[in-house]
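These notes concern the structure reproduced below.
What follows draws every value from the coordinates through simple rules; no lab data is involved. Everything numeric here is computed off the predicted structure, so don't read it as measured data. So basically every Cβ, Gly included, is an ideal-geometry build from the backbone, and we count neighbours across all protein chains shown.
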């Protein structure tokens, strides 16, 4: 029995738009921090803060995606197959 993988929920154009939007937003923040009339340590602190928020957003997106994928029917079927294989496997059985 073969199972077909779930179809992609987004199009290539939407993916490209998201990537470009992300790049432009980081560029805009970088330009704003560079031109900000403040001491260098303040600008550096804000830059590190923006990087921290960005990496946290990526981590949150991955956690949400992983949780969503774990509830799909396909992953439950695959997990049941794996559980069955592991339950039937006897590492001490000698093949004759």
Considering only segment 35-47, state which residues are over 18 Å from residue 24 (Cβ atoms) and surrounded by 10 or more Cβ atoms within 10 Å (Cβ to Cβ). 36, 38, 42, 43, 44, 45, 46
Consider residue 56 against the criteria (1) over 16 Å from residue 9 (Cβ atoms); (2) touching a residue at least 60 places away in the same chain (Cβ under 8 Å): it satisfies all of them except one. Which criterion is unmet? (2)
